[in-house]
């Protein structure tokens, strides 16, 4: 099997401060999800697993709207969907999935390496009636 040159080139990545923000509707939806309600769970994950990033960053990482992004910190890795914004900030809504990347007591921002990926959006394990933050 012949390998192309791109097989040996790493995907572009960038290290950025990602701000975690409270989404009142997301927190409310989390508190009402039943682990047995697949449709509600799917809708929650669609809303929780996003990163809003500057258009310039999306270009640098060769991302289009909806592409998957690996968010890697010293505590772990998650995969979210990219959304372009005009602001220069990198934003992810607070949810149990992103909070798993945070150091205890540090829930405002994380330093993360961002890379385009083909991996699926991260699964979310929810314990019933557990607060989102």
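The values are calculated or read from the model by the stated rules, or taken from the named source; none is laboratory data. Note that the structure is predicted; figures quoted are calculated from it, not measured. Please note: Cβ atoms are built from the backbone with ideal geometry, for glycine as well, and neighbour counts cover all protein chains shown.
Put simply, of 105, 84 the only residue that is farther than 24 Å from residue 33 by Cβ, modelled with pLDDT under 95 and surrounded by fewer than 18 Cβ atoms within 10 Å (Cβ to Cβ) is 105. For segment 1-13, the candidate set comprises residues that are assigned to a loop (DSSP other than H, G, I, E, B) and loosely packed, with under 10 Cβ neighbours inside 10 Å; within that set, the residue that is modelled with the lowest pLDDT is 1.
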